[in-house]
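Taking it in order: structure first as structure tokens, then the write-up.
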Amino acid sequence: MDIRSITAAQNYTGARPATKVDPDHPGMAQGIRSSFQDFETTLKHSEQVAQSSMVGQADPHALVQALAQTELAVETAVIVRNKVVEAYQEILRMPV
């Protein structure tokens, strides 16, 4: 893992603390749904900027920024997926 990925993950973690208790939060299911919607929105925005850039309507800086946000979102999703698979495998190894 290169240093950019570590820095990006740390910045993302600092911007969206997952361990902070929010008494107004409606529940875990809503939080997960919101996370998936944020992920989807990030991907759609990046795709729109890329398409606009192809026809010359978006500046290159906006394209690079959108791609960086998408890269961060995908890396985060992969890390979460890996942790879920790891936890599932650990549960399977437990003696009954």
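The values are calculated or read from the model by the stated rules, or taken from the named source; none is laboratory data. Here the structure is a predicted model, which is why all the values come from computation and not from measurement. Backbone-built Cβ (ideal geometry, glycine too); neighbour counts: all protein chains shown.
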Practice item. May I ask you to list the residues in segment 48-71 that are under 18 Å from Asp38 (Cα atoms) and of a type in the set (D, E, K, R)? Key: Glu71
**Study point:** Criterion: touching a Phe, Trp or Tyr at 6+ places or on another chain (Cβ under 6 Å), in a helix (DSSP H, G or I), modelled with pLDDT of 90 or more and not basic (Lys, Arg) - qualifying residue of Ala50, Ala68, Ala87, Ala73
**Key:** Ala73
Check your understanding: Is at least one residue of segment 36-44 over 26 Å from Thr7 (Cβ atoms), exposed (fewer than 15 other Cβ atoms within 10 Å of the Cβ), modelled with pLDDT of 90 or more and among the polar types (S, T, N, Q)?
Key -> no
Point to revise | Test for Ser53: is it more than 23 Å from Thr7 (Cβ to Cβ) and among the polar types (S, T, N, Q) | key: yes
Exercise for review: Quick one: in segment 1-31, of everything that is under 16 Å from Val80 (Cβ atoms) and surrounded by 11 or more Cβ atoms within 10 Å (Cβ to Cβ), which residue is modelled with the lowest pLDDT?
Suggested key: Arg16
